[in-house]
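Report on the structure given below.
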Amino acid sequence: MRQSLYHGAIWSALVGLVSADAPSSQQWAERAIYQVMTDRFARPKGSPDAPCDPSRYCGGSWTGIIEKLDYIQDLGFTAIQISPVVENIPDNTKYGEAYHGYWPKNLYALNEHFGTADDLRKLVSEVHRRDMYLIVDVVINDMAQAVNGSMKDDPSLKIDYSQLSPFDDEKYYHPFCAITDWNDPEIYQNCWFAVETVALPDLKTEDTSVVAMIGDWITQFVGNYSIDGLRIDAALHMNDDYVASFSKAAGLFTIGEVSNGDTGLVCKYEDLVFGVLNYPLYQPLIQAFTAGNMLGLAESIRAVQKDCKDFTLLATFVENHDLPRFASLVNDTTLAKNAMAFNILSDGIPQVYQGQEQHMQGNYTPFNRGALWTTNYDTTGPLFNLTATLNKLRNHAISIDNRYVTNHSIELHVDNSTYATRKGPEGAQIVSIFSNQGSNGGKYQLALKDAYAPGTEVMEVLGCSKLVANDVGNLTVEMNAGEPRAFFPVAQLNNSGLCGFEKQKTVSSSNSSSNNSAQSSNNDKGKDKKSSASIITVPCPIILISGAALAVMSWFL
């Protein structure tokens, strides 16, 4: 049975309250997001223990997420992103079923595979109980319908628009054309994203009726479910004014997917939505930790800092549901730890895709969307522990002084194997060292200038060992086996839960006593501090073989 959304004036009135109470972009900048693909995260208790066919629904649900919120919170995440929630096409096609949520049929109904309206409201309530935020992925570029073949090859294939809601007439869509040039906005914004097996009729996003209808829908949806944010799928493929209008109608934080490495193009979307996924850093990040190009990562970071207006709302990521798993590019846990450390401790909002903390593999769709329950939600692995520790550190730094998020990450040292930064206001800064030497990396010393005030005692939180900055504020660090490092002043570790410093518990849940919260923001701006570093002794770094080439994004997503 379809779970319909409420309509009517009552939700128009409520949405004003929701918008007023929704977290600000400054508060979102303090969060760390765990990306969930609902169908693959957790089955509810009592579900059949059947194998998961990667192309079909596997039984994950909103209730399953609720039952595993402790797992996410123990990792230190303070926000959760779930996959699209609306009703999708029911067909089992050559490309599988719509388990991912990106083949919408009816915006005014929920996907019954994931649960009921009450289940979704309960998820929101349970997330909020833990002082966490919930962001929902939305598809507003197109609708979907299964077709028998390819519309490009068979002109007789037609769409039955009456089956789509609320855009139930051909007049709401661009005339059929296949995308032939993915670099030409006139083509990729006005032609159809997919035309074979599952056609994705492209909404006429420049049409005022379409703009008004999508605005009405999102206003009601936000009012109905009291969510905290929206991820806008395929923002690059829509009319700019449409994206901006949608974001305004939503009345809360929106983050756009602009899947392009061009810094200027991506940063332009800061004028249309609150935040964007940091695709300009994605490929340099992967190259830094799989192919030894740390200098290229540093250069790309400088470009993003220069070209983007607000680095605090750029979401940094190593993996997502469209991209190869890191472990499928290079199967070295130490390199994965460094990539994760950068993911969490660099500028912007950290976003981690479910299973990244378990070093899951999968080089392309649908194999990069494996069921998380196959890992038994292991909480003892090295990546899980590093993720939990560094999220705890970042959350603690923000709780002490939330100017941490507005301080640019400052480069202390970079060469082709090592990148060191400091981030945060003086006295509460995190100094991070990332390596791409991998598990076979050798021993060496790294001298970091201007890391801390002279005489500051600091804790390396991943190994719980102490160092003291010398009389000019330099820090000399012993590096070994390619492991990352993260330092923080010992005097600021009280109530952190790190390295023997206990954390006072302030939030309890119905499922466990585990807790986590990020503090409110006053959005004071911090000043950057110029720093430099010198290398003392560095052996020749190991040569890393480049991983498999980046998989092409699946056409149907």
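The values are calculated or read from the model by the stated rules, or taken from the named source; none is laboratory data. In this text, all values refer to a predicted model and were calculated from it rather than measured experimentally. Here Cβ is always computed from backbone atoms with ideal geometry, including for glycine, and neighbour counts include all displayed protein chains. Ligands, DNA and RNA are stripped out before the accessible areas are found, and what is left, the full protein with its side chains, is counted by its heavy atoms. Shrake-Rupley method; radii C 1.70, N 1.55, O 1.52, S 1.80 Å.
Anything over 24 Å Cα to Cα? Flag those among Lys268/Lys337; Lys68/Lys423; Lys105/Lys171; Lys94/Lys171; Lys309/Lys337, in the order listed. Correct reply: Lys268/Lys337; Lys68/Lys423; Lys94/Lys171; Lys309/Lys337. For the range 273-334, the Cα-based Rg and Dmax, in that order, read 12.5, 36 Å.
Using a/c under 1.5 as the rounded threshold, could you call the range 296-444 rounded, prolate or oblate? The axes a ≥ b ≥ c are square roots of the C-alpha gyration tensor eigenvalues, and prolate needs a/b larger than b/c, oblate otherwise. Prolate, because a/c is 1.5 or more and a/b exceeds b/c. What's the long-distance tail for the range 350-419, i.e. % of Cα pairs beyond 13 Å? In whole percent, the long-distance tail amounts to 75.
Counted residue by residue at 0.36 nm each, then reduced by the alpha carbon distance between them, the extension gain from Asp415 to Glu112 reaches 103.9 nm. The H on the amide N of Ala79, modeled in the peptide plane, is under 5 Å from the matching H of Ala32, Tyr34, Tyr133, each at least 5 residues off or on a different chain. Computed on protein heavy atoms with a 1.4 Å probe, the accessible areas place Ser150, Ser156 in the order Ser156, Ser150, largest first. Considering only alpha-carbon pairs that sit under 8 angstrom and 6 or more positions apart, the relative contact order computed for the chain is 15 percent. The relative contact order of the range 331-442 comes to 28 percent, based on Cα pairs under 8 Å that sit 6 or more residues apart. Taking the three principal axes of the alpha carbon atoms in the chain, the coordinate ranges are 76, 47, 46 Å, sorted in descending order. With the convex hull of the Cα atoms taken as the outline of the range 327-375, the averaged projected area works out to 3.7 nm².
The overall shape of the range 196-292, judged from the alpha-carbon gyration tensor, is prolate: a/c is not under 1.5, and a/b is greater than b/c. Each residue of the range 173-188 is assigned a 3J(HN,Hα), and the resulting list reads 10, 5, x, 4, 7, 8, 6, 10, 9, 7, 10, 9, x, 4, 8, 6 Hz, derived from the Karplus form 6.51 cos²θ - 1.76 cosθ + 1.60 (θ = phi - 60°), x at Gly and Pro. For the range 138-151, the Karplus equation 6.51 cos²θ - 1.76 cosθ + 1.60, evaluated at θ = phi - 60°, returns couplings of 10, 10, 10, 8, 7, 10, 9, 7, 6, 10, 8, x, 10, 5 Hz by residue, with Gly and Pro reported as x. In this structure, the amide hydrogen of Tyr173, modeled 1.01 Å from its nitrogen in the peptide plane, lies closer than 5 angstrom to those of Lys204, counting only residues at least 5 positions away or on a different chain. Of the listed residues Ser432, Ser55, the order by accessible area with a 1.4 Å probe, largest first, is Ser55, Ser432.
Estimated from helices alone, the mean residue ellipticity of the chain at 222 nm is -8000 deg cm²/dmol (sum of -39500 (n - 2.57) over DSSP H runs with n ≥ 4, per residue). Each label was represented as a point 7 Å from its Cα along the Cα-to-Cβ direction; for Ser439 and Val472 these points are 4.0 nm apart.
On the principal axes of its alpha-carbon atoms, the range 62-191 has extents of 52, 32, 27 Å, going from largest to smallest.
Solvent exposure of the range 248-398 amounts to 28 Å² per residue of accessible area, where only protein heavy atoms count and the probe is 1.4 Å.
Here the chain carries DSSP beta bridges of which approximately 60% are antiparallel, counting only pairs with both residues inside. Take every pair of alpha-carbon atoms less than 8 Å apart whose residues are at least six positions apart; their mean separation over the length of the range 286-360 yields a relative contact order of 35 percent. Summarising the amide proton neighbourhood of Ile349: residues at separation of 5 or more, or on other chains, whose placed amide H is nearer than 5 Å comprise Leu314, Ala315, Thr316. Once the Cα atoms are used to define both axes, helix 333-345 deviates from the longest principal axis of the chain by about 80 degrees. Seen against the Cα atoms of the chain and their longest principal axis, helix 279-290 is set at about 50 degrees.
Please determine, in degrees from 0 to 90 and to the nearest 10, the orientation of helix 240-250 with respect to the longest principal axis defined by the Cα atoms of the chain, where the helix direction is its Cα long axis. Orientation of helix 240-250: about 80 degrees from the principal axis.
Karplus-based coupling profile of the range 22-39, in residue order and whole Hz: 5, x, 6, 5, 5, 5, 5, 4, 8, 8, 10, 9, 9, 8, 10, 9, 3, 5, with θ = phi - 60° in 6.51 cos²θ - 1.76 cosθ + 1.60 and x standing for Gly or Pro.
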